Amino acid sequence: MSRQFTAIIFDLGYVFFKWFPNTKTGIPAQTLRGILSSPTWFDYERGRLSESDFYAKVTEDFMLEPDQIVQAFRQARNFVQADNELIVLIRELKAQSSELRVFAMSNISLPDYEVLRTKVADWSIFDQVFTPDAAGERKPNLGFFEQVLSATGVDPQRTIFVDHFPENVSSACSLGLYGIIFNNPKTVARTLHNLIGDPIMRGRDFLKQNAGHLWSVTDWTHKHEAELRENFSQLLILEVTNDQTLVNLVEHPRTWNFFQGKGQFTTEQFPSDLDTTSLALTVLHRKKELVFSVMDEMLKYVDPDGIILTYFDHRRPRRDPIVCVNVLSFFYLYGRGNELQKTLKWVHEVLRNRAYLKGTRYYGTAECFLFFTSRLLASSGDRELHATLKPLLKERVQERIGVEGDALARAMRIIVADFVGIRDEADLRALLPLQCEDGGWEIGWMYKYGSSDIRIGNRGLTAALAIKAIEAMSAPSMSLSQSPSPNLVVSPAPPSKVKSAAATGCQHRSKPLMKSKL
């Protein structure tokens, strides 16, 4: 699926160690930069000049006073300290992978290195440290890298190199190492976690750590997100994970409401809807008499075209193709799909004419329509249904592979592609780096309020679908001739209604995928 890394090589200066803010020496900054990029400095690093010879030559080359040079470098040594956050990160990475080896490789003179070793730092995290003095080479020369690779015995294809300078990273990459430029500590930390850790295990840990608190949020203002207690995402998380301990549902005896309490950002008295009800009665096991009774009631809510509507409320005659797909899934699961043929015909036309590309009234992306259509096919082995939708679904998802999208969109795309027998490597490569340090993924905005376009997302749902997508890419693809069996989750008792805050997680967010019905 991807490279499995077993070694990391870090630079010391500018990476493992950092300068105190406002560090100053007795030499002008421009002159100091000139010294540090001069052949004299390079020879000093490689051990070809002693410290006294180096000071003498720099004094001559840059027309400085000897005491001025000595004092400047002593000042610089006093203003450097270990990056404790990076030390913690390296410990975490080693805890994630028992076979991980960590090395340091730095352009540093022997006298400066001896001073560094006196600094407060956990040097035990390094398996070995390489300096130019011992190697007789310095970065970016390939000879230095070749010596390090030979001495450590690491496989370049399974080794990460982290350095502040692009030219050093380029040399490493030319020998097959995976290069990271150290320009943003948080971004580098996230990248390393994603390269070293197991994305599935980390994702599952995120879900477990936030179990019962995987609430949705809205983007109702540009300044902050607002928590939203709703049932739809909880039901979908339950279906994807088959783990009832993760979710927090407000049970309904018959028809279901999107909201767990009063309506939020809309009218407080909000009607039950066919979408959430269909999802609930396909995910949770209920008596057939009740199920058929609810279906009979649903058939009363169709528009003049004979297409199923969204709400159990004739005063809100809204329709949405994805809602139609989910109601069809419910009916086909229980063998009554033939009663919604006008709805199916419209869904087929939406798929055929790509009417989903800009999202729908309640759902934000094309991937939502494709995902729930694959779920419809998975709910039933009906040959006619599969013959009508599956070949076309395959064409449509293939058109979307590699299209820009957030973590949720890409996860859905991978899952749909796998369902129709396509391996979507492009979206997997894009999905894996989007995993956050806490193991979850950035929010995917799945649905929206129909009247205001306020978006709704859920990190728990995004994580659950991302894990499912990665697992799908780790297993053999399903043949097109196979039809998945219906997925029923038995609900032995109503889950507890714990009150808690949503886990909002990652700093960077992507666009969403979920829906709300207003």
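Rolling a 1.4 angstrom probe over the chain with all protein chains present gives an accessible area of which 51% lies on carbon and sulfur atoms.
Applied to the range 278-288, the Karplus parametrisation 6.51 cos²θ - 1.76 cosθ + 1.60 on θ = phi - 60° returns per-residue 3J(HN,Hα) values of 5, 5, 4, 7, 9, 7, 9, 7, 10, 4, 4 Hz, with x for Gly and Pro. Take the chain with all the other protein chains still there, run a 1.4 Å probe, and you get 44 Å² of accessible area per residue. 3J(HN,Hα) couplings calculated from phi for the range 344-357 with the Karplus curve 6.51 cos²θ - 1.76 cosθ + 1.60 (θ = phi - 60°) are, in sequence order, 4, 4, 5, 4, 4, 5, 4, 5, 5, 9, 6, 6, 9, 4 Hz; Gly and Pro show x. To the nearest 0.05, what FRET efficiency results for residue 348 and residue 242 with a Förster distance of 35 Å applied to their C-beta separation? Once the sixth-power term is evaluated, E becomes 0.70. Of the residues 310, 187, the one with the largest accessible area comes first in the ranking 187, 310, computed with a 1.4 Å probe on protein heavy atoms. Solvent-accessible surface of protein heavy atoms, probed at 1.4 angstrom with all chains present, puts 394, 448, 287 in the order 287, 394, 448, largest first. List, in the order given, every pair from 288/390; 18/208; 262/358; 287/468 whose Cα-Cα distance in the structure shown is over 32 Å. Long pairs (Cα-Cα over 32 Å): 18/208. List the GluC sites (Glu not before Pro) within the range 23-132 that DSSP assigns to loop and that have no more than 11 neighbouring Cβ atoms inside 10 Å. Sites meeting the loop and neighbour criteria: 99. Note on residue 178: accessible area is roughly 80 Å² with a 1.4 Å probe, heavy atoms of protein only.
When Rg and the Kirkwood radius Rh are both evaluated on Cα atoms of the range 387-464, their ratio Rg/Rh stands at 1.02. In this simple spin-label approximation, residue 305 and residue 122 carry label points 7 Å from Cα along the Cα→Cβ vector, and these lie 6.2 nm apart.
For the residues 346, 445, 123, 220, a 1.4 Å probe over the protein chains yields an accessible-area ranking, largest first, of 220, 346, 123, 445.
In this simple spin-label approximation, residue 200 and residue 77 carry label points 7 Å from Cα along the Cα→Cβ vector, and these lie 5.2 nm apart.
3J(HN,Hα) along the range 108-114: 7, 6, 4, x, 5, 5, 5 Hz, from the Karplus curve 6.51 cos²θ - 1.76 cosθ + 1.60 with θ = phi - 60°, whole Hz, x for Gly and Pro.
Between residue 155 and residue 314, the C-beta separation translates, for a Förster distance of 51 Å, into a calculated FRET efficiency of about 0.15. Once the Cα atoms are used to define both axes, helix 383-400 deviates from the longest principal axis of the chain by about 30 degrees. Rolling a 1.4 Å probe across all protein chains gives residue 473 an accessible area of roughly 10 Å². For residue 139, the aspartates and glutamates whose Cα falls under 16 Å of its own Cα, not counting residues fewer than eight places away in the same chain, are 11, 43, 45, 163, 167. Each residue was assigned an accessible area with a 1.4 Å probe, and for residue 237 the value is about 0 Å². The long axis of helix 185-196 is offset from the longest Cα principal axis of the chain by roughly 70 degrees.
Multiplying the residue separation of residue 429 and residue 134 by 0.36 nm and removing their Cα-Cα distance gives an extension gain of 102.3 nm. For the chain, what is the calculated [θ] at 222 nm in deg cm²/dmol (nearest 500), taking -39500 (n - 2.57) for each run of four or more DSSP H residues and dividing by its residue count? Rounded to the nearest 500, it is -13500 deg cm²/dmol. If R0 equals 45 Å, the separation of the Cβ atoms of residue 38 and residue 3 corresponds to a calculated FRET efficiency of about 0.75.
Stretched out straight at 0.36 nm per residue, the stretch from residue 184 to residue 146 would grow longer than its current Cα-Cα span by 10.9 nm. Under the rule of at least 5 residues apart or a separate chain, name every residue whose amide H is placed under 5 Å from the amide H of residue 9. Excluding prolines and chain starts, which carry no amide H, the hits are 103, 160, 161, 162.
The values are calculated or read from the model by the stated rules, or taken from the named source; none is laboratory data. In this text, all values refer to a predicted model and were calculated from it rather than measured experimentally. Every residue, glycine as well, gets a Cβ built from its backbone with ideal geometry; the counts of neighbours run over all protein chains shown. Accessible surface is based on the protein model in full, side chains and every heavy atom, while ligands, DNA and RNA are left aside. Shrake-Rupley method; radii C 1.70, N 1.55, O 1.52, S 1.80 Å.
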